[in-house]
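Structure, as structure tokens:
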Amino acid sequence: MTDDPFASAAAAGIHRLAIPTPFAVGRVNVYLIEDDPLTLVDAGPNSGTSFDVLQRGVAGLGHSLEEIELVIVTHQHIDHLGLVSLVASHSDAQVAALEAAIPFMENFSDEAQADDDFARDIMLRNGISQDVVSALQSVSAAFRGWGAPVHVTLPLRDGEPLELRDRTLHVHHRPGHSPSDTIFHDRERRMLIAADHLLGHISSNPLITRPRDGSSGRPQALVQYLESLRATREMDVELVLPGHGDAFTDHRKLIDQRFALHARRADKIHRLLVEQPRSAYEIAQALWGNIAVTQAYLTLSEVLGHLDVLANEGRVQEVERDGVSVFRAR
Ligand SMILES: [Zn+2]
């Protein structure tokens, strides 16, 4: 027995490289799959440091970035896709991503700006002050340089297999953390490349993101995420390879813990609303106290997600007061 949580993955030719990011989440996991084609899953954020670490990591495994033949992108977040184009240009690699995510990835800057505009409206609508919104908008604009457009040459579809020489990865769309979350299931080895859909050490943020179908309403990210988790819970998996942190086993137990956590949080929010009606931001403050500016949208997304769950159950009602949404228990 070994203590390395990635040992059985490495034995199957899947090697984890932990690439630094400037974000609170810390390092991001990139996986090199020694197969034909030689495959990289995600690439890390677009920075010189990250590129160096990636290059050295791949070299340490006896390969070079020039040899990469396929890069798979798990979702649209910049800590995962920032370096994809640079890697592909070094190697002429194919780039695979969920078909539905292609418009976002190819027009990254405009799409990211539109997402920020959407987020701004959600924040103002839910009681976050203009000061905080403006500060967060500048942080987000500054971070955008860690992303980059991605030209996708191999569109992936939900439910379809991606065939490599020594393995078949079944592609599953699992929206919730982002609209484009995609997981890759090796049924034979019972391994799941889960990216940020399921993390061992932290619960994934159900980030509210601009709907991709052109509709103007606020998507129910947490509701969608819980649905995605239910689908993943049914899968036959021994080892999960996440987008951050260590590999882990017993995904059903972990998913059940996440369900319990979310149920507890929804109940707590309901109790706060029994006391008095509140905006989503007031609920976030009641739950977590003074929230750092950079965390304002994450925590708001979390609260709104629970309010969606409660509203769907008929336990809360949304009313408007002076342009701000206020929620009350019913
Ligand atoms: Zn992510």
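The values are calculated or read from the model by the stated rules, or taken from the named source; none is laboratory data. The model shown is predicted, which means the values in this text are computed figures rather than measured ones. In this analysis, Cβ positions are derived from the backbone assuming ideal geometry, glycine residues included, and neighbour counts consider all displayed protein chains. To get the accessible areas, we keep the full protein, side chains included, count just its heavy atoms, and leave off ligands, DNA and RNA. Shrake-Rupley method; radii C 1.70, N 1.55, O 1.52, S 1.80 Å.
Taking every DSSP beta bridge with both residues inside the chain, roughly what % is antiparallel (nearest 5)? Write down the numbers at each step before the final one.
Numbers: 28 of 41 bridges.
Counting only bridges with both partners in the chain, antiparallel ones make up about 70 percent.
For the chain, the longest principal axis of the C-alpha atoms and the axis of helix 296-312 are separated by about 70°. Rolling a 1.4 Å probe over the protein heavy atoms leaves Ser8 with an accessible area of roughly 60 Å².
Normalised by 2.2 N^0.38 Å, where N is the number of residues, the alpha-carbon radius of gyration of the chain equals 1.01.
Can you compute the charge dipole magnitude of region 1-135 about its Cα centre, using +1 on each Lys and Arg Cβ and -1 on each Asp and Glu Cβ, nothing else charged? Give it in debye, rounded to the nearest 20.
Values: 5 positive and 21 negative charges, 91 e Å.
The calculation lands at about 440 debye.
Can you give me the orientation-averaged projected area of the convex hull built on the Cα atoms of region 51-95, in nm²? Don't skip to the answer; put the middle values down first.
Details: hull surface 11.9 nm².
Its Cα hull, projected and averaged over all orientations, spans 3.0 nm².
Against the main long axis of the alpha-carbon atoms of the chain, helix 221-233 sits at an angle near 40°. In the context of the full set of protein chains, the chain has a per residue accessible area of 43 Å² (1.4 Å probe). Under 5 Å from the amide H of Arg278 lie the amide H atoms of Phe327, each residue being 5 or more positions distant or on a separate chain, with H modelled from the backbone and absent for Pro and chain starts. Distances between placed amide hydrogens fall under 5 Å for Val95 paired with Val71, Thr153, Leu154, all partners being 5 or more residues away or on another chain. Ordering 155-162, 306-313 by mean Cβ neighbour count within 10 Å, with the highest value first, yields 306-313, 155-162.
Heavy atoms only, probe 1.4 Å: what % of the accessible area of region 47-141 goes to carbon and sulfur, would you let me know?
On the way: 1880 of 3760 Å².
The value for region 47-141 is 50 percent carbon and sulfur by accessible area.
When the Cα positions of Asn205, Leu300, Val28 are compared along the charge dipole of the chain, Leu300 comes out farthest toward the positive end, with charges on each C-beta of Lys, Arg, Asp and Glu. When only alpha carbons are used to place a centre, region 288-319 and region 200-249 end up 17 Å from one another. Annotation: peptides 231-238, 173-180, ranked by per-residue average of other Cβ atoms within 10 Å with the highest first, follow the order 173-180, 231-238. Taking every Cα-Cα distance in region 220-330 and sorting them into 10 Å bins starting at zero, the pair-distance distribution P(r) comes out as 13, 39, 30, 15, 3, 0 percent.
Going by average Cβ density within 10 Å per residue, which order do the peptides 278-290, 315-327 take, highest to lowest? Kindly include the intermediate steps, with their values, before the conclusion.
Working: 278-290: 17.7, 315-327: 14.3.
Output ranking for 278-290, 315-327: 278-290, 315-327.
Region 7-42 and region 101-153 have Cα centres spaced 26 Å apart.
In sequence order, region 279-293 has phi-based couplings of 7, 4, 5, 5, 5, 4, 5, 5, 7, 10, x, 6, 9, 4, 3 Hz under the Karplus curve 6.51 cos²θ - 1.76 cosθ + 1.60, θ = phi - 60°, and Gly or Pro positions carry x.
For region 46-63, backbone phi angles converted through the Karplus equation (6.51, -1.76, 1.60; θ = phi - 60°) give residue-by-residue couplings of 7, 8, x, 4, 4, 4, 4, 5, 4, 4, 5, x, 5, 5, x, 9, x, 10 Hz, Gly and Pro being listed as x. Modelled spin-label separation between Asp213 and Phe23, with each label point placed 7 Å from Cα along the Cα-to-Cβ direction: 2.6 nm. The alpha carbons of region 1-60 give a radius of gyration and a Dmax of 12.2, 37 Å, in that order.
If you put +1 on each Lys and Arg Cβ and -1 on each Asp and Glu Cβ, how big is the dipole of the chain around its Cα centre, in Debye rounded to 20?
1320
The Cβ shell under 9 Å around Leu98 holds other residues with a net charge of -2, Lys and Arg each +1, Asp and Glu each -1.
Residues whose amide H comes within less than 5 Å of that of Arg187, counting only those at least five positions distant or on another chain, are His170 (H built at 1.01 Å from N in the peptide plane). In this structure, Leu154 and Glu275 have a Cβ-Cβ separation that, at R0 = 35 Å, corresponds to a calculated FRET efficiency of about 0.10. The share of accessible area on region 186-330 that comes from carbon and sulfur is 44 percent, using a 1.4 angstrom probe.
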